[in-house]
Amino acid sequence: MVVTLALTRSGLLGVLGFELALVMAGLGSLVGVDLGAAWIRRRRARPAPPGPWRALAEAVAAPLAIMLVPLAMVSVRGLWTRTCDPWFGAWAYLVLTLASTTVTAAASAGLAVVVGPRRWLGRLAPYLALVVVVAFGVHRFFTQPPVFTYNPLVGYFPGNLYDEDIRLSAPLGWARLEQLAVVAALWAAVAARYDRARLAVRWRGRGLAWRSAAAALVALGVAGWLRHDAGRLGYAIDADDIARALGGEVRTTHFVIHYAATPEISADIALIAADHELRLAQVCRQIGVAPDEVGTIHSFYFASADDKARLMGARHVEMAKPWLRQIYLTHDEFPHSSLRHEIAHVVAASFGSPWFRVSARTVAGVPVLVNPGLIEGLAVALDWPGARSMTPHQAMRAMELLGFAPSPDDVFSVRFMTLSSARGYTAAGSFLRFLLDTYGPAPVRAAYRSGGDFAAAFGKPQAALVAEWRAMLATVEVPPAELEVARERFRQGGVFDRPCPHATAKRVAAAGDRAAAGDRAGAVALMRRICKDTPEEPTYALGLAALLAAGAPAEVAEAETIYQRWADAAVSAPVRAAALDALAHLAGRAGDDATALARVDAALALPLGDDRARQFEALRVGLVSSRADRGFVHGYFFSAVDGGLAWAAMAVLADPADPLARYLLALQCARERWWALSAYLLDRALTAELPSPRFVRNAARRLAVIAWRASDRAALGHAIATLDATGDVVDRALAADWRERAAR
């Protein structure tokens with residue numbers, strides 16, 4: 001009861017949901033281990049001991065009754081506290097908390113019967129078994145790729161806190177079935193040699209209950225079969241299972257890449273493999289480690305987020321296990337935006353703590369106080385500037401200006417896990433990059449190895465280093481438009497600050513699945529429930545409006561009302577711009593160009609980042625152009641028919657001199673993987689007068705990728721020179737990156 005009351009202080013743990021069920025499953029397991037054996041000991045001291053199955057029922061009943069109390073308390077609290085998905089929360093409590101309590105209480109009671117009236121061994125045996133189960137789970141985590149775990153104590157743990165789309169699916173059922181089969185085998189074996197007078201197993205003498213013995217063998221056989229097929233059933237997957245499921249393998253000097261052998265990935269695997277080697281060389285050079293010191297890295301490259309979630313967890317999160325020298329990635333556009341970050345984790349293992357190969361402080365000589373801020377911060381610092389429109393220094397300065405900056409004490413402690421990933425990663429990465437640029441790699445490696453002993457590594461206390469860093473940040477300029485982008489990016493807190501992130505993520509995913517399957521009505525119904533539970537979140541309201549906009553006139557009118565509400569709301573510029581964008585498209589498709597233009601101009605008056613502003617500039621051209629291809633450019637942006645390639649091609653035919661038409665056709669050709677034609681068109685577009693410098697920047701960025709794929713070195717050189725000339729720090733970093741790639 002006290003634990004439950006304490007948990008209600010957290011927005012995430014105070015409602016009936018997955019996290020509460022997970023925490024209570026651990027507590028219930030301890031209760032089950034303790035009370036299951038204790039009940040047998042007490043019952044043994046009383047007259048008329050029960051038979052084996054009644055003894056089992058009595059031993060399980062008390063722990064279950066105790067663990068039903070938190071369920072009742074939180075359920076009653078849900079009458080006045082918002083609970084987004086009580087049925088999912090109740091199901092999670094059943095299959096995690098109550099199932100773990102039942103399994104551990106039954107196993108503990110069974111061990112107490114097997115050990116018999118041996119005083120010390122009877123008390124220790126259940127806890128020794130608990131230690132074995134924990135050790136087995138830890139061993140699996142540290143020796144196999146999956147970050148998820150299915151075990152008797154908690155049922156299912158997804159492995160990270162950033163992936164909000166958590167699903168309790170068939171593998172949990174198979175794992176629970178194996179656990180119940182083991183418990184059933186234990187108690188059937190007990191019943192086969194049960195000594196009722198002593199409430200213990202009879203080890204000597206004749207007498208065997210053959211039916212119970214046969215049942216024990218059957219249950220043991222079921223458990224053995226499930227364990228043998230645990231990889232195929234999805235709850236005890238190992239590296240070989242994943243490699244077989246992916247199907248493809250390629251080896252380079254420093255990598256073994258296990259990849260999903262889909263046509264798209266197979267066509268690009270040589271490109272992907274070369275990029276692995278480039279990113280490793282870059283990371284090693286920056287941190288002062290020779291690539292050969294790192295050893296062979298195994299890269300598991302999945303075709304989709306769902307495949308990765310099924311085989312190793314982390315549906316929407318890229319991950320690494322540095323101590324195994326393994327990285328896990330979902331296929332993405334070349335060059336992969338997270339590849340260098342994950343490689344950095346593995347490289348850091350070469351100077352991490354001697355046991356777990358990550359940043360950790362030692363206690364009594366044992367590196368146990370892991371420093372997640374240093375682990376993730378170093379990866380961000382080495383993946384510089386990343387795939388964002390701002391460098392982490394600029395993003396950190398924006399957080400300071402907006403009041404979102406986390407405390408350094410939180411960033412470099414276990415409290416890092418309570419921060420949103422956007423805030424925590426950015427702050428840690430900016431600080432570590434400052435130290436790397438200012439003091440070089442050697443002290444950074446020392447601070448990482450020590451788990452955050454900055455004074456020993458740099459000869460200065462952490463507070464002095466933070467002061468220097470903040471003085472540097474004060475000189476960093478953040479354009480007003482990018483400040484608004486940062487406001488939207490950093491506005492949400494960590495997962496523990498929100499009452500029902502998993503229920504919401506599950507519904508969003510289900511709505512997307514229904515919409516993709518053609519069930520628009522079902523998707524709309526789910527999105528309405530999400531909006532009811534999270535009325536303050538514009539993302540979901542705009543998602544609902546997008547579904548309604550494809551429906552009947554009454555639904556379109558409702559969508560316009562939703563869009564207008566958020567276009568006029570006192571929210572960040574990116575949110576208002578998204579609503580205005582949708583309103584402009586609705587007006588343009590209806591033939592009301594004047595209204596569409598008014599909405600585009602309203603959006604362009606907002607402080608928008610370059611990418612968003614460029615899109616509105618393009619819409620404006622489609623509405624006001626007087627060129628010969630105006631109708632086709634208008635159709636490209638506003639036609640209800642999805643035919644971008646055809647509209648762009650007709651625009652080029654109507655006006656071959658229009659650089660915007662060539663630009664649009666180049667982007668469509670890239671979608672079709674017509675790299676040579678796309679590179680030619682983009683290169684020509686860059687030599688002409690595109691509508692604004694924003695188009696020039698994007699054309700140069702896209703041309704670098706496309707020209708590399710097309711092996712067009714002249715076009716690549718043009719893209720690099722253009723990026724160098726924009727004056728933007730991110731563009732200059734991209735130009736240097738492509739120049740190094742070309743040199744290799």
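The values are calculated or read from the model by the stated rules, or taken from the named source; none is laboratory data. Note that the structure is predicted; figures quoted are calculated from it, not measured. Cβ: placed from backbone, ideal geometry, glycine included. Neighbour counts: every protein chain shown. The accessibility values were calculated without ligands, DNA or RNA, using every heavy atom of the protein model including side chains. Shrake-Rupley method; radii C 1.70, N 1.55, O 1.52, S 1.80 Å.
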Filter pass, residue 277 being open to solvent by 20 Å² or more (accessible area, probe 1.4 Å), touching a residue at least 12 places away in the same chain (Cβ under 8 Å) and over 21 Å from residue 248 (Cα atoms): no
Collect the residues in region 51-74 that are exposed (fewer than 14 other Cβ atoms within 10 Å of the Cβ) and either on the phi > 0 side of the Ramachandran plot or charged (D, E, K, R) (or both), keeping them in residue-number order. 54
For region 410-433, name all the residues that are part of a helix (DSSP H, G or I) and either of a type in the set (A, V, I, L, M) or touching a Pro at 6+ places or on another chain (Cβ under 6 Å) (or both). 411, 414, 416, 417, 422, 423, 426, 427, 428, 429, 430, 432
Within region 85-102, how many residues are open to solvent by less than 10 Å² (accessible area, probe 1.4 Å) and of a type outside the set (Phe, Trp, Tyr)? 6
Among the numbered criteria (1) in contact with a Pro (Cβ under 8 Å, 6 or more places away or on another chain); (2) open to solvent by less than 60 Å² (accessible area, probe 1.4 Å); (3) of a type in the set (D, E, K, R), which one does residue 196 miss? (2)
Between 215, 230, which is open to solvent by 40 Å² or more (accessible area, probe 1.4 Å), modelled with pLDDT under 95 and of a type in the set (A, V, I, L, M)? 215
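Of a type in the set (Val, Ile, Thr) and free of Cβ contacts under 8 Å to residues at least 12 places away in the same chain, is that true of residue 561?
yes
Pick from 584, 613: which is under 30 Å from residue 522 (Cβ atoms), touching a residue at least 24 places away in the same chain (Cβ under 8 Å) and touching a Leu at 6+ places or on another chain (Cβ under 7 Å)? Spell out the reasoning first.
Details: 613 fails: under 30 Å from residue 522 (Cβ atoms).
Selected residue: 584, the only one of 584, 613 that is under 30 Å from residue 522 (Cβ atoms), touching a residue at least 24 places away in the same chain (Cβ under 8 Å) and touching a Leu at 6+ places or on another chain (Cβ under 7 Å).
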Which members of region 673-698 meet the condition of being surrounded by fewer than 21 Cβ atoms within 10 Å (Cβ to Cβ) and of a type in the set (Asp, Glu)? 689
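Which of the residues that make up region 626-651 are touching a residue at least 24 places away in the same chain (Cβ under 8 Å) and either outside any helix (DSSP H, G or I) or among the hydrophobic types (A, V, I, L, M, F, W, C) (or both)? Can you show your working first?
Narrowing region 626-651 to residues touching a residue at least 24 places away in the same chain (Cβ under 8 Å): 627-629, 632-634, 636-640, 644-645.
Hits for region 626-651 are 627, 628, 629, 632, 633, 637, 638, 639, 640, 645.
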Under the condition of being among the hydrophobic types (A, V, I, L, M, F, W, C) and buried (at least 20 other Cβ atoms within 10 Å of the Cβ), which residue from region 295-310 is modelled with the lowest pLDDT? 309
Restricting attention to region 106-146, the residues that are open to solvent by less than 20 Å² (accessible area, probe 1.4 Å), assigned to a loop (DSSP other than H, G, I, E, B) and at pLDDT below 90 number exactly 1
Please note which helices (runs of 4 or more DSSP H) are completely contained in region 434-474 and include at least 1 residues that are aliphatic (A, V, I, L, M) and closer than 21 Å to residue 355 by Cα. 441-450, 454-458
Tally up the residues in region 233-257 that are open to solvent by 30 Å² or more (accessible area, probe 1.4 Å), within 19 Å of residue 303 (Cβ to Cβ) and not hydrophobic (A, V, I, L, M, F, W, C), please. 5
